[in-house]
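Chemist: One structure, pasted below without further comment.
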Amino acid sequence: MSGSIQLKLATTQDLIAMEQVGDLLFDHPVKRNRAIEFLKDSRHHLVLAYHNDAIVGMASGFHYVHPDKDPTLFINEVGVIDTYQNKGIGRQIVKYLCTYAQQLGCKEAWVATENSNPAARKAYAAAGGVEDKSPIVLINFDVENQ
C-alpha cells in the first residue's frame, strides 16, 4: 500500500467518492438523497478513510441528548474494504470519531457488535473500547408492518 491513509469528516463534497465505493464498503449502494440528508444533519457524523483519492474505510454515528444525560455518541457502523483490513484503519477511524465526539461535548461513545465478530471486537479494543461484561438482548421492531 503506497501512500498514507487520510481521515476526514465527510461533507457533500465526498458524495461522488461515496457513490463510487458503494457497496464495496457500505452495506448497499449509496443513495444520493439519503447521503445528502445524512450529511446535512448536524447530529449525524461520517468519518471517511481515503487512500489516494478512493475511500477505503468509514465509520458513521450520531450524537444524541436526553433530558437527564450528557450528549452521547452512538457509533452505528464501521467498515473497511477487504483489501485494507488488518492495517489498523478501523482503529484509526473509531479513534477519530471518538475524538470528534469529545469536541461535540459527548461524555461517552458506544457501539454494539456480535460476539461472532472478532475483527470488530479487536478493532474496538485497539481504539480504547472496553467490552461491557453484561450481555445484552437486542430487540428489533418492524415499524413498517405494524
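Chemist: Quick check: is even one residue across segment 93-114 aliphatic (A, V, I, L, M), free of Cβ contacts under 8 Å to residues at least 24 places away in the same chain and surrounded by 12 or more Cβ atoms within 10 Å (Cβ to Cβ)?
Modeler: No, that holds for no residue.
Chemist: Run down ASN117, ASN140 and say which single residue is polar (S, T, N, Q) and open to solvent by less than 60 Å² (accessible area, probe 1.4 Å).
Modeler: ASN117
Chemist: Within segment 15-27, is there a residue that is touching a helix residue (DSSP H, G or I) at 6+ places or on another chain (Cβ under 7 Å), open to solvent by 70 Å² or more (accessible area, probe 1.4 Å) and not in a helix (DSSP H, G or I)?
Modeler: No, the conditions are met nowhere in segment 15-27.
Chemist: Could you grab me the full set of residues in segment 2-11 that are loosely packed, with under 13 Cβ neighbours inside 10 Å and either on the phi < 0 side of the Ramachandran plot or in contact with a Pro (Cβ under 8 Å, 6 or more places away or on another chain) (or both)?
Modeler: SER2, SER4, GLN6, THR11
Chemist: So which of SER42, SER4 is modelled with pLDDT under 95 and out of contact with any Cys (no Cβ under 7 Å at 6 or more places or on another chain)?
Modeler: Only one candidate qualifies: SER4.
Chemist: Can you name the residue in segment 35-83 that is among the small types (Gly, Ala, Ser) and assigned to a strand (DSSP E or B) and, of all such residues, is surrounded by the most Cβ atoms within 10 Å (Cβ to Cβ)?
Modeler: ALA59
Chemist: Looking at (1) open to solvent by 60 Å² or more (accessible area, probe 1.4 Å); (2) touching a Cys at 6+ places or on another chain (Cβ under 6 Å), find the lone condition where ARG32 falls short.
Modeler: (2)
The values are calculated or read from the model by the stated rules, or taken from the named source; none is laboratory data. Bear in mind the structure is a predicted one, so any value in this text is a computation, not a measurement. In this analysis, Cβ positions are derived from the backbone assuming ideal geometry, glycine residues included, and neighbour counts consider all displayed protein chains. Calculation scope for accessible area: heavy atoms of the full protein, side chains included, ligands and nucleic acids excluded. Shrake-Rupley method; radii C 1.70, N 1.55, O 1.52, S 1.80 Å.
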